[in-house]
Structures are given as C-alpha cells and as structure tokens.
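First comes the structure, then the notes that go with it.
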C-alpha cells in the first residue's frame, strides 16, 4: 500500500471522451507531480505543483490539463487523447526539494 | 541536456550474492540522488536516497556516492529472488527552484534461485 492514492487504477477511453485522473496524499507534502511512463521506459515528468501552484509544465500537449484544488489533491483532466497517450500515469508527492518523491500505484490508461 | 546513465541489463546474480547497480550522471552540481525499485507493471518504490559522498546503509541495501567521479551505486547484499525488478536511478536537477529529477533508463536485475 502507498500513501499516495490514485484513482481509477485502470481507464479505457475513446479519443473523443473526457475523463479525469485523481491523486490524493495526506502526508502534508507540498509538491505534487504527474508522470507518464511507457513500457520499458523511465517515468517522464509532465507537471509539477509546488504549494498548489503550477511550477513546471514540460511542454505537455493541451489535451492534458492539470489541476490542484488543494494541497492534498491533484487531478489530470484528459480530453481528445490519442492512441499514443496510452501509458501508465503516475502521481508522486514530496515534502519539498530535495526530499524524495513517493509514487502512487498509477492509472493504466488505454486509448481506443 | 542533463543525463543519467544506467546499464539496462539484465544483470543476473545468484541468490545470496551481492548485486551491484551503477549509475553515472552528467550534471556536476547535482546534490540529491535516489534509487527506486520497480516491479513489472507496478509503480516505482523508493529504496534509498543519498546526499553526501560516501556510503549509506539501510538493511541489505547500501548506496554509494562519489561526486568527484559523478557516479552513484546501489549494492544489494544477500540478493533474493524477490529483489528481481528494474532499479531506477534518479538525480535531482540543479536548476534553481525546481523539483525535477531526471531518471535513468533503469537496470533490470534478475536474481537466480
């Protein structure tokens, strides 16, 4: 069990659908992250929120839209995704730099 | 482009042996280094972190850092089949105010019973 909780665990959606991935942590961490991971590749950073403000956007396409409603929650809104967006989406949190990041179990996303 | 290099493996060791996993990095200013274990189909799990030159031990795991040579390693003593996984080295970016880490591509470890 991890202290970073992600829902749903699996998601299948069509290219015209809108869906959201959710992430929650109750460790009091002030930095939260979204990563994308393809098979046999390392995690690839997408977004970083620090103290509920977006601090890093790694040139992610606008079909991915992050949101941080409060210090414990992080959402990733998905719209008009492409088949190549199928991947494991990981949420992580850390107390602050340079503290290590703790990952959730991930959401496995499949785009039809 | 900051780089973190790992041998992709697989590294095969017999049960009970010491597994040695290595990682080199290009950003000489890096100060924070992390090792994650990732089982197939699962998320990365933090194993060790190290900030200072030298060794840091935690149970069967020892992280070693040599900033002058820009490498960090992970030793696993008394390797068990359950240690079979991909081990990711991660190095914190030195850009001011960022929380970004760069991950290596990982080394696949196979512990043979």
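Rule-based calculations on the coordinates, nothing more; no lab input. Values in this document were obtained by computation on a predicted structure and should not be read as measured data. Counting neighbours? That spans all protein chains shown, and the Cβs are built from the backbone with ideal geometry, glycine included.
FRET efficiency for the pair residue B:17 and residue A:27, taken as 1/(1 + (r/R0)^6) with r the Cβ-Cβ distance and R0 = 30 Å, rounds to 0.25.
Structural descriptor for chain B: relative contact order 37 percent, calculated from alpha carbon pairs under 8 angstrom and at least 6 residues apart. The mean of 1/r over all pairs of different alpha-carbon atoms in chain B, once inverted, gives a Kirkwood hydrodynamic radius of 14.1 Å. Taking one quarter of the surface of the C-alpha convex hull of the protein assembly as shown gives a mean projected area of 12.2 nm². Rounded to the nearest 5, the antiparallel percentage of DSSP beta bridges internal to the protein assembly as shown is 90%.
With contacts defined as alpha carbon pairs under 8 Å and 6 or more residues apart, what's the relative contact order of chain A in percent?
Relative CO of chain A lands at 38 percent.
The calculated pair-distance distribution of region A:5-112 uses every alpha carbon pair, bins of 5 angstrom beginning at 0, and gives 2, 13, 25, 27, 19, 10, 4, 1 percent.
For the residues B:58, B:78, B:93, a GNM of chain B with alpha-carbon springs under 10 Å puts the largest fluctuation on B:58.
Comparing A:26, A:79, A:102 in a Gaussian network model of chain A where C-alpha atoms under 10 Å apart are linked, the largest mean-square fluctuation is found at A:26. Beta-bridge orientation, chain A: approximately 90 percent antiparallel, per DSSP, counting only bridges with both partners inside. Take every Cα pair under 8 Å whose residues are at least 6 apart in sequence, average their separation, divide by the length of region A:56-106, and the relative contact order is 22 percent.
Per-residue shielding of B:100-106, expressed as the average number of other chain Cβ atoms within 10 Å of the residue Cβ, stands at 5.
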